[in-house]
1. With a cut-off of at least 1 residues that are of a type outside the set (S, T, Y) and within 30 Å of H193 (Cβ to Cβ), name the helices (runs of 4 or more DSSP H) lying wholly within region 52-136.
2. Restricting to region 240-249, and then to whatever is surrounded by 17 or more Cβ atoms within 10 Å (Cβ to Cβ) and touching a residue at least 24 places away in the same chain (Cβ under 8 Å), can you tell me which residue is nearest to M478 (Cα to Cα)?
3. I'd like to check something: does region 359-373 contain any residue that is hydroxyl-bearing (S, T, Y) and surrounded by 14 or more Cβ atoms within 10 Å (Cβ to Cβ)?
4. Looking only at residues that are part of a helix (DSSP H, G or I) and modelled with pLDDT under 90 in region 209-223, which one is nearest to L187 (Cα to Cα)?
5. Out of the residues in region 292-313 that are surrounded by 13 or more Cβ atoms within 10 Å (Cβ to Cβ) and over 30 Å from D18 (Cα atoms), state the one that is modelled with the lowest pLDDT.
6. Residue by residue through region 496-530, note down the ones that are more than 27 Å from the chain's Cα centre (by Cα) and either buried (at least 21 other Cβ atoms within 10 Å of the Cβ) or not in a loop (DSSP other than H, G, I, E, B) (or both).
7. Could you count how many residues in region 37-47 are small (G, A, S) and open to solvent by 20 Å² or more (accessible area, probe 1.4 Å)?
8. If you take the residues in region 102-125 that are more than 13 Å from N617 (Cβ to Cβ) and among the polar types (S, T, N, Q), which one is most open to solvent (accessible area, probe 1.4 Å)?
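The values are calculated or read from the model by the stated rules, or taken from the named source; none is laboratory data. All values reported here derive from a predicted model rather than from experimental measurement. No Cβ is skipped: glycine too gets one built from the backbone with ideal geometry, and neighbour counts run over all protein chains shown. Each accessible area value is taken on the protein alone, full model and side chains, heavy atoms only, with ligands, DNA and RNA left out. Shrake-Rupley method; radii C 1.70, N 1.55, O 1.52, S 1.80 Å.
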Amino acid sequence: MISATNIYVQYGDRVLMDNINVVIGVKDRVGLVGRNGAGKSTLLKIIADEVSPDKGTVSRPTTSTLGFLHQEMTIPKGKTVMDEALTAFDEVLKLEREIVNLTKELEERTDYETDSYTGLISKLTEANERFLILGGNSMKVDAEKVLKGLGFKHSDLNRLTDEFSGGWQMRIELTKMLLRRPDFLLLDEPTNHLDIESIIWLEKFLKTYEGAVVVISHDKQFLDNITKRTIEIELGKIFEYKASYSKFVTMRKERREMQEASFKNQQRDIAHKERIINKFMAKATKTKMAQSMKKQLDKIERIEIDSEDTAAMKIKFPPAPRSGDIAVEAKKLTKQYGDLVVLENVDIKLDRGDRVAFVGQNGQGKTTLAKILVNQLPATKGDLKPGHNIQIGYYAQNQAEFLNGNTTVLQTMEAAAPPEMRTRLRNILGAFMFSGEDVEKKVMVLSGGERARLALACLLLRPFNLLVLDEPTNHLDMISKDVLKKALQDYDGTMIVVSHDRDFLGGLTNRTIEFRDKKLHNHIGDVNAFLEKRAVDNMREIEKMTVHKKQQKEDAGGSKALSHEERKALKKLERAVQNAERKIEDIEKKIAKIEEEMGAEGFYESDAVDATMKKYNDKKAELDQAMQDWEAAQEKLDSFQ
C-alpha cells in the first residue's frame, strides 16, 4: 500500500495541506474530489514522487509499480501511434532480444554436459516465462484493443503522433499506462478529452483492473461507476468516506447537519451550565459546587463545525449589443477532411435570442460546426451568412491551453483587455477568485480549473451578442459549474453550448440540435425534453443507444445493400480473419504445451532438449507469421467495411 503521512504544503500565506494522512490500499478504488485549486493534483504528484511536500513522507513497496496520468502530458514525436503505444512493453521487447540472443548462443554451443550450458538453458527458460507473463505473445493485439477502446481507428495506428492534438496524445499516454498495468494507477481528469464511448470503455476496463486506482474527475457518473471510496480535500484538510461520489454528497450533508445539531445542543448546554455557575458563585454556600461545575465544563471537548469552502466566481456577462433578427444562418454546409466527410449539406438558422445545445457523440461534427459558425474554420462547401451587427464571443474546448504559461494572471488579462477595461481588471479577477498575490502567479502553475476560470474571465472583457461555448465545464468544479450556468441563464444574447453534461444543460437552452450521421436533428426544448422524447434518462444512454442501433442496422441490413459478389467477398474476408485468429489460438496452445514439457523435472538432462528447443523456436516463428497474417486480414476487412 501507499502511505502519505503528515503531508504539509504551503504556497505563500496559503496552507494547501495541513499535516494530512492518506493510505491507498492495493485494490482501492478512490475518487479524489474538492474545489479547483484545493490541492488534488498536487497530492497526486506528491504520491507519485513528482513533487516534494514541505513536510511529511510518502512510502510504498519498492517492488511496486506506479502510473500517473496528469494534465500536462507530452509524448515524443516522430513515432507512429502503434510504435509509441508499444513502448509500454519496454521490458518485453528487451526480453525478446535476450531470448533471440540466448537461443542463437544455444544453437552454436555443443558443450551440452557443462554447467555453463545448463545455466544458459535456465536463463532462456526464465526469460521465456517472464515474456509470457508480461504478455509478449499478444502485445500488438493488446495495444490495438486499448487504442481502439480509447477511440483510435485502425487507420490511425500508423499515423505519426505529431499529427494528433493534445487530447488525442493524452489518449496515447493513457494507453501506455493501461498496457503497463501498474500496481497503482493515478488518473488526473482522464475523461476531459474522451468521447462518451471511450469513457464507457475506460469504465469497463477499470472495473476489472487488478491494481489500485485513484482518480480525479468532475464527471459524477464516471466516479459513481468506478470508485468505492471518496477522499475530499477542503481548506487544507481531508475527509474520507467509504462511498462513491453520489453517496458521499449525501453523507457529507448528513455529517454537517449532525455537526451543526450537536454544536447547537452543546452550546445550549454550556450556556445553561454557565448561568448556573454564575448564579451559584454569588452564594457563599454554593461556591464550592460552582467551582466544581466550572472544572467539569472546562474539561468538555468542544464540538467544532468543519470549515467549508463556499467561495465562488461572480460572473455577469456584459449586456448583449442588439443584433439583427437573424443571428447567423448557414445553408448546405459540408465539411470534409480529405475523404472523411464530417458534415454533409446541413442547414442551420439561429434567430436573435435563440439558446441552442449541440449534443451527440464526439467526432460527429459539433466542434467543427461551432468553429465554422464563428469563422475559426472554413466550410468545404455551402453558404454562411452572419447576421447584422453580430459580435462573437467564443470559448474553445481547449481554450485554457491557448494561455501563455510564462505570463502572469494579470498580464494575461491585460493582453486581452481593451484600453477602457484596464482599470477594472483586478476587480474582474477578484470576481473569478484571483485576489491578492494570485494575480501575480504564472499561468503555468495554475491548476486546470484555475486556467479555465482565467479563460472565462478573458471572455468577459468585451461585449458580444453571439456566445459560442464548446465544453465550457471541462476542469470546473461543481460549484463553478453552477455559477457559470446561472450567469448563462441571465445572458441576454444568442447562445450555442456544446456539452455532454446533462446537469449543466438542463434548463439552459430552448433548442437542442443532435448531431448524428453527418446531419443535424432539431428538437424543441432543453436537453431534458430531448431525453424524454428519446425515452432515456441520461446522455450516456442515448449515445450508447445510437451506437447500438447503428450496429444493429449494419448487422441486420447492411449486407442486403451489397451485391452478390460483394457479399461473397465480405464473407471471404471475415473467414480469413476468423481462420487467422483460430490459427493463432492453436499455435499458442502448442507453445504452452512445449513450455510445459520444458518445465518438467530433468528435461534439460534428457536427449530431447535439442529437438524440443528447435520445435519451440519454430512454433514461435510460426506465431509471429500468424500474427502478421491476422493483421493483414483484419486490415483488409476494415478497409472493405
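1. 81-86, 90-108
2. My answer is Y245.
3. Start the filter on region 359-373 by keeping residues that are hydroxyl-bearing (S, T, Y), which leaves 367-368.
With the extra rule that they be surrounded by 14 or more Cβ atoms within 10 Å (Cβ to Cβ), the set shrinks to 367-368.
Taking every residue of region 359-373 in turn, at least one turns out to be hydroxyl-bearing (S, T, Y) and surrounded by 14 or more Cβ atoms within 10 Å (Cβ to Cβ).
4. Among residues in region 209-223 that are part of a helix (DSSP H, G or I) and modelled with pLDDT under 90, the one nearest to L187 (Cα to Cα) is F222.
5. Ranking the candidates gives M293 first.
6. Step one: list which residues in region 496-530 are more than 27 Å from the chain's Cα centre (by Cα), which gives 510-511, 519-525, 529.
The answer is R511, K519, L520, H521, N522, H523, I524, A529.
7. The qualifying residues number 1.
8. Filtering region 102-125 for residues that are more than 13 Å from N617 (Cβ to Cβ) and among the polar types (S, T, N, Q), the one most open to solvent (accessible area, probe 1.4 Å) comes out as T110.
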